[in-house]
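The values are calculated or read from the model by the stated rules, or taken from the named source; none is laboratory data. These numbers were taken from a predicted model, which means no experiment stands behind them. Neighbour counts are summed over all protein chains in view; Cβ atoms, including those assigned to glycine, are modelled from backbone coordinates with ideal geometry. Accessible surface areas use protein heavy atoms only, side chains included; no ligands, DNA or RNA. Shrake-Rupley method; radii C 1.70, N 1.55, O 1.52, S 1.80 Å.
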Amino acid sequence: MYWLVKIARLSGWLLFVLVLLYLVTGFALCGEYGVSRWISAQRALDIHRVFEWPLVAVFATHSAVTIYFAMRRWRWIGRRNRE
């Protein structure tokens, strides 16, 4: 259980950073909010494409662990009894 909590926290922080990066590069590509002044469109596209699959992987990991914790909290699943 200790490691699942650590994985949930780490994946949550990674997800936060990746989503922010993904949004900023997306705004740069669209030319919205003046973000294109900070980063070129080609650089934003490169970063945007590189972080697609890591974003999906971190989202899936974070979701799976936190859904597991929610199901335990709601008592939909319980601890296994050792006999």
task = Can you tell me the equivalent ellipsoid semi-axes for the chain? Use √(5λ) from the Cα gyration tensor, largest first, whole Å.
result = 38, 11, 9
query = Ordered by residue, what ³J(HN,Hα) values in Hz, to whole numbers, does segment 46-62 give under the Karplus form 6.51 cos²θ - 1.76 cosθ + 1.60, where θ = phi - 60° and Gly and Pro are x?
reply = 4, 5, 4, 6, 5, 8, 5, 6, x, 5, 5, 5, 5, 4, 5, 5, 4
task = Heavy atoms only, probe 1.4 angstrom, no DNA, RNA or ligands counted: give me 75, 43 ranked by accessible area, highest first.
result = 75, 43
request  = Only residues of segment 4-26 count here: report those whose backbone N is under 18 Å from the spot 7 Å along Cα→Cβ of residue 67, or say none.
outcome  = 4-5, 7-9, 11-12, 15
remark   = For residue 52, the accessible surface traced by a 1.4 Å probe with all protein chains present amounts, in square angstrom to the nearest 10, to 80 Å²
ask   = What is the helix-to-structure angle for 2-30, meaning the angle in degrees between its Cα long axis and the longest Cα principal axis of the chain, kept from 0 to 90 and rounded to the nearest 10?
value = 20 degrees
ask   = Just from its helices, what would the mean residue ellipticity at 222 nm be for the chain, if runs of 4 or more DSSP H residues each count -39500 (n - 2.57) and the sum is divided by every residue, rounded to the nearest 500 deg cm²/dmol?
value = -25500 deg cm²/dmol
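Assuming 0.36 nm per residue, please report the length gained on full extension of the stretch residue 23 to residue 41 beyond their Cα-Cα distance.
So the extension gain works out to 5.1 nm.
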Residue range of the chain that is longest and free of chymotrypsin sites (Phe, Trp or Tyr not before Pro) which are both DSSP loop and sparsely packed (at most 13 other C-beta within 10 Å) = 39-73
note = FRET efficiency (residue 9, residue 75; Cβ distance; R0 22 Å; to 0.05) is 0.45
